[in-house]
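Chemist: Dumping the structure here so I can ask a few things about it.
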Amino acid sequence: MNNYEKDILKIIESGFKNQRVLAKESGYSLGKVNESLKILKRDGYIDEDMQITPMGHKLLEEGKPKNAIILAAGYGMRMIPINSETPKGLIQVKGEYLIERMITQLHQKGIYDITLVVGFMKESYEYLIDKYSVDLKVNMDYAIKNNLHSLSLVADKIDHTYIIPCDVWCGENPFDQRELYSWYMVTDTIDEESTIRVNRHQELVKTAENGNQWIGIAYISGEDSKDLRNRLLEMDANKKHQDDFWEEALFKQGKMSVAAKVVSSENTYEINTYEQLRKLDEDSDALKTDTLELISDVLDVPLSEIVDITVLKRGMTNRSFLFTVKNKKYIMRVPGEETDELIHRDEEYKVYQKIKDLGLCDQIIYINPDNGYKITEYLENVRNCDASKEEDVKNCMKKLRQFHNMKLQIDHTFNIFEKIEFYETLRKGQPSCYRDYEKTKERVYELKEYIDSQPKDWVLTHMDAVPDNFLFVPCDNGSEEIKLIDWEYSGMQDPHVDIAMFAIYSLYNESEVNRLIDMYFPEGCHHNVRLKIYCYIAACGLLWSNWCEYKSLLGVEFGEYSLRQYRYAKDYYRIFKEQKHS
């Protein structure tokens, strides 16, 4: 029996009327309905009077769903600014919380065994235990692993099971008292971000072109449960799958192992962004976030005029989103997790007050010295410095030196060696992941003696003068001007540290480092100054290596960048020693 016959059998359970009604309710052609009825009679599931036989009732009873798993552990990063205050499952739509609506719809179909996998803001879901008798399973690794890991934590529960994301709103109940085969839900809308499409056999296959919009609700029948459980556990044990969505466990040779269930996009929504929520329910309380209220106050506009909200790429310490007010674009910066441990926002505020009228940075509309929330004007058609292009780098070094020559003064310092110790303490006693860390640190501290012995200016220094923070802004005359952004770490320091920072972020080799130094000093660089910069490269390498280790404990990984920072600490100790005695 194929899925067509199973669908027809389910409809007949509520009473047979005629073939045309079956065609309308199933969505199949009249010919397909007649063919399915013939097969059902032939195989003994219905009799000549179109009544379900004992064998048919047995099949229907075996297809009764047993339980549901709702995945609600993730951040929901694309929901900025909502997710900074409310987890996705507790977004209110048309007067109901998404997750409560889903639970109620399950109850309507007799499904009361419901497990929620939670992580981010997990405490917010605790009340559901008492209100709906749900079970909560905590995913402690929600920050570093995707929902494949969440589902693997409750893999033993998968048996005649609905698997449901917490961010879906269905106008009609998507569940049933009978499910005779496994399926995965998509809509009839084509989505440019989708990587799956429904083929003519009602199969879901991977595609490099636009595919059907994902919804993410699935049903896994008893016969498919064991296979999925095994796949989830196998993939979860392999680190390469930690960023995977659980749906990857359904794919075999580019095709899902379960059927497609296609629903209307006019009645079923996955809510991924602020704008999607506003389109579905413009009166939702979730739209009235403190962040947007702040924008409303600062720009003196009603919330309805804050439009086109789009999440920007997540930075190393912050989350940001783009928005439009009165046809003008702005960027709102929302500090990331644990950044208050790393950055003194009051100090950043003082830096911006010092430089705001000097043409050095982008236009700051608002900055809060307590929490670091910041609004800036969006610069159109800008580009970042390309560290592989000599002309770009020359212009950046010229801009950097002009800034240093202003000799601006502020009342706080960025002390590299104090920060090394501070970032180390944030590991809370956990040893470094590098086995020779203590030896490397000892050698870097040897370099401190040389740094302290050298003459130096003491001025406001950017401390994060990396290529990404140099913006090339087009001018009306066709030229470009450079703006230096992101002054979070800025403080009093030797300005030559900024050269070191540019080098290590660019992952430059030794010859590229020396070319960079020569670009900053076109008149020539004294040997002792060059050696001092080598020392800074080693010290800053260890500094940012410690920073990366701390962020790694929070679930943020930087790949090659973190390894290379540690190598700079080791390699430039050696280079300094070789050059000093040459």
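The values are calculated or read from the model by the stated rules, or taken from the named source; none is laboratory data. Computed from a predicted model, the values in this text were never measured in an experiment. Backbone-built Cβ (ideal geometry, glycine too); neighbour counts: all protein chains shown. Quick note on the areas: whole protein, heavy atoms, side chains included, nothing else; ligands and nucleic acids left out. Shrake-Rupley method; radii C 1.70, N 1.55, O 1.52, S 1.80 Å.
Chemist: In whole Å, what are the Cα extents of the stretch 123-241 along the three principal axes, biggest one first?
Modeler: Rounded to whole Å, the extents work out to 44, 37, 30 Å.
Chemist: Let me ask another. Between Asn230 and Ala143, what's the calculated FRET efficiency when r is the beta-carbon distance and R0 is 22 Å? Round to 0.05. Can you show the working numbers first?
Modeler: Working: r = 26 Å, r/R0 = 1.20.
That pair, Asn230 with Ala143, gives E of 0.25.
Chemist: What is the Rg over Rh value, at two decimals, for the chain, using alpha-carbon atoms and the Kirkwood definition of Rh?
Modeler: Details: Rg = 29.8 Å, Rh = 27.7 Å.
We get a ratio of 1.08 for the chain.
Chemist: Using Cα centres only, tell me the gap between the stretch 104-120 and the stretch 280-315 in whole Å.
Modeler: Here the two parts' Cα centres lie 31 Å apart.
Chemist: Here is a further query. For the stretch 205-354, what relative contact order do you get, as a whole percent, if you take Cα pairs closer than 8 Å and at least 6 residues apart?
Modeler: Values: 98 pairs, mean separation 17.2, N = 150.
Relative contact order of the stretch 205-354: 11 percent.
Chemist: Can you put Tyr373, Tyr127, Tyr566 in order of accessible area, largest first, using a 1.4 Å probe? Provide the component values of the computation, followed by the final result.
Modeler: Details: Tyr373 50, Tyr127 75, Tyr566 10 Å².
From most accessible down to least: Tyr127, Tyr373, Tyr566.
Chemist: Let me know the charge dipole size of the chain about its Cα centre in debye, to the nearest 20, where only the beta-carbon of Lys, Arg (+1) and Asp, Glu (-1) is charged.
Modeler: Numbers: 76 positive and 99 negative charges, 243 e Å.
That gives the chain a dipole magnitude of about 1160 debye.
Chemist: Full-extension gain between Glu126 and Leu322, please, as 0.36 nm times their residue separation minus the C-alpha to C-alpha distance.
Modeler: 67.3 nm
Chemist: Gap in Å between the Cα centre of the stretch 339-381 and the Cα centre of the stretch 432-502?
Modeler: If we compute the Cα centre of each part, the gap is 18 Å.
Chemist: Given the rule -39500 (n - 2.57) for each run of at least 4 DSSP H residues, summed and divided by the residues of the chain, what is its mean residue ellipticity at 222 nm, to the nearest 500 deg cm²/dmol?
Modeler: That comes out to -12000 deg cm²/dmol.
Chemist: Then there's this: Given C-alpha coordinates of the stretch 501-582, what is the ratio Rg to Rh with the Kirkwood estimate of Rh?
Modeler: On the way: Rg = 13.7 Å, Rh = 13.2 Å.
Result for the stretch 501-582 is an Rg/Rh of 1.03.
Chemist: I'd like the accessible area for Glu481: 1.4 Å probe, protein heavy atoms, all chains in place, Å² to the nearest 10.
Modeler: That residue has around 80 Å² of solvent-accessible surface.
Chemist: List residues of the stretch 157-187, by number, whose backbone nitrogen lies under 17 Å from a label position 7 Å along Cα→C-beta of Asp135.
Modeler: Counting backbone N atoms under 17 Å from the label point, the list is 157-164.
Chemist: Let a ≥ b ≥ c be the square roots of the eigenvalues of the Cα gyration tensor of the stretch 475-517; is it rounded (a/c under 1.5), or, if not, prolate (a/b larger than b/c) or oblate? List each step's numbers first, then the result.
Modeler: Values: a/c = 2.55, a/b = 1.32, b/c = 1.94.
Here the stretch 475-517 falls in the oblate category.
Chemist: Using the alpha-carbon centroid of each, what span in Å lies between the stretch 561-579 and the stretch 129-154?
Modeler: A separation of 42 Å, based on Cα centres.
Chemist: Give me the angle, in degrees from 0 to 90, between the Cα long axis of helix 3-13 and the longest principal axis of the Cα atoms of the chain, rounded to the nearest 10.
Modeler: Helix 3-13 sits roughly 60 degrees off the main axis of the chain.
Chemist: Something else about it: For the chain, what is the accessible area per residue in Å² when the probe is 1.4 Å?
Modeler: Details: 27340 Å² over 582 residues.
Result: 47 Å² of accessible area for each residue.
Chemist: Still on this structure, please answer the following. From the Cα gyration tensor of the stretch 167-209, with a ≥ b ≥ c the square roots of its eigenvalues, which class applies: rounded if a/c is under 1.5, or else prolate if a/b is larger than b/c, or else oblate? The partial results should precede the final answer.
Modeler: On the way: a/c = 2.87, a/b = 1.45, b/c = 1.99.
Note, shape of the stretch 167-209 comes out oblate.
Chemist: Too long at a 21 Å Cα-Cα cut-off: which of Lys354/Lys374; Lys398/Lys580; Lys288/Lys374; Lys10/Lys66; Lys448/Lys532? The partial results should precede the final answer.
Modeler: Numbers: Lys354/Lys374 16 Å; Lys398/Lys580 27 Å; Lys288/Lys374 18 Å; Lys10/Lys66 17 Å; Lys448/Lys532 9 Å.
In this structure, Lys398/Lys580 exceed 21 Å between Cα atoms.
Chemist: Determine, for each peptide in 144-151, 172-179, the mean count of other beta carbons within 10 angstrom over its residues, then list the peptides with the highest first.
Modeler: Descending packing order for the listed peptides: 144-151, 172-179.
Chemist: Now for a different question. If you take the Cα atoms of the stretch 335-413, find Rg, then find the Kirkwood Rh from the mean of 1/r over all pairs, what is Rg/Rh? Don't skip to the answer; put the middle values down first.
Modeler: Details: Rg = 14.9 Å, Rh = 14.8 Å.
Taking Rh as the inverse mean 1/r over Cα pairs, Rg/Rh reads 1.00.
Chemist: How high is the relative contact order of the chain, in percent, counting Cα pairs under 8 Å that sit 6 or more residues apart?
Modeler: Numbers: 962 pairs, mean separation 59.0, N = 582.
With pairs under 8 Å counted, the relative contact order is 10 percent.
Chemist: Same structure again: I need the shape label for the stretch 446-582. Rule: rounded when a/c is under 1.5, else prolate if a/b > b/c, else oblate, with a, b, c from the alpha carbon gyration tensor.
Modeler: On the way: a/c = 1.69, a/b = 1.13, b/c = 1.50.
Because a/c hits 1.5 or more and a/b fails to exceed b/c, the stretch 446-582 counts as oblate.
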